[in-house]
1. To test your reading of the geometry: what angle, between 0 and 90 degrees and rounded to tens, separates the Cα axis of helix 16-28 from the longest principal axis of the chain?
2. Compute the angle between helix 155-166 and the longest alpha-carbon principal axis of the chain, please, reported from 0 to 90 degrees and rounded to the nearest 10.
3. Multiply the residue gap between residue 10 and residue 57 by 0.36 nm, knock off their C-alpha separation, and tell me the result in nm, one decimal place.
4. Counting helices only, and only those DSSP H runs with n ≥ 4, report the 222 nm mean residue ellipticity of the chain as the sum of -39,500 (n - 2.57) divided by its residues, in deg cm²/dmol to the nearest 500.
5. If you count only protein heavy atoms with a 1.4 Å probe, what accessible area per residue comes out for region 46-155, rounded to a whole Å²?
6. Can you classify region 13-92 as rounded, prolate or oblate using the Cα gyration tensor, where a ≥ b ≥ c are the square roots of its eigenvalues, rounded means a/c under 1.5, and otherwise it's prolate if a/b beats b/c and oblate if not?
7. Starting from the Cα-Cα distance between residue 106 and residue 131, subtract it from 0.36 nm times their residue separation and give me the gain in nm to one decimal.
8. What ranking of 5, 34 comes out by heavy-atom accessible area, probe 1.4 Å, highest first?
Amino acid sequence: MKAIYVRTSSDDQDGAAQRFMLANAAKARGWLDYGIYEDIGESGINASRPAFDRLKADALAGRVREILVVALDRIGRSAIDVMTLMNEWTRAGIVLVSLRENLDLSTPSGRFLVTVLAAFTELEREMIRDRQRAGIAAARARGKHLGRPRKVITQETMEQAVRLRCDGMPW
């Protein structure tokens with residue numbers, strides 16, 4: 001059997017664009033029948049995702065032999081996780097094709113490129129994390145409060161709360 005895998009990072013994305021691209025790619029490859037595995041609102045940093053876990057199990061059990069994804073980052077964000085999975089799938093004879101990177105893991109050059117791209121994916125994630133940390137540190141240095149807004153209780157607010165409480169209102 002053949003399969004396509006769709007993953008979105010947030011719940012407000014529906015995966016329709018990925019499904020469209022993958023269905024066209026499957027048709028171009030002559031695939032008439034394939035399974036669809038979808039994880040909507042699942043971060044790629046999580047190695048375990050419901051549909052992805054089913055896909056991995058089906059692939060390693062021999063029920064899926066070829067997998068199409070829109071991009072390598074749909075599989076995972078950690079280079080170690082991606083490379084471990086690619087090694088398992090290659091040993092099991094499973095072919096992964098990534099449209100964006102034009103990768104086909106049935107070839108030696110495809111497997112080499114996956115190694116390089118997975119490292120870049122992890123580097124990009126770490127750089128994003130570093131920029132976030134630097135931005136938070138800069139905001140704190142400027143005296144910005146991060147997180148939920150602080151509530152300022154004035155004497156007037158306190159007196160109003162006491163009056164309402166005396167009138168039988170719950171806290």
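The values are calculated or read from the model by the stated rules, or taken from the named source; none is laboratory data. Note that the structure is predicted; figures quoted are calculated from it, not measured. Counting neighbours? That spans all protein chains shown, and the Cβs are built from the backbone with ideal geometry, glycine included. For the accessible areas, the whole protein counts, side chains as well, though only heavy atoms, and no ligand, DNA or RNA atoms are used. Shrake-Rupley method; radii C 1.70, N 1.55, O 1.52, S 1.80 Å.
1. Helix 16-28 sits at roughly 0 degrees to that axis.
2. 90
3. That pair, residue 10 and residue 57, stretches by 14.5 nm at full extension.
4. After summing the helix terms and dividing by residue count, I get -16000 deg cm²/dmol.
5. 62
6. It is oblate, given that a/c is not under 1.5 and a/b is not larger than b/c.
7. 5.3 nm
8. The residues order as 34, 5, largest area first.
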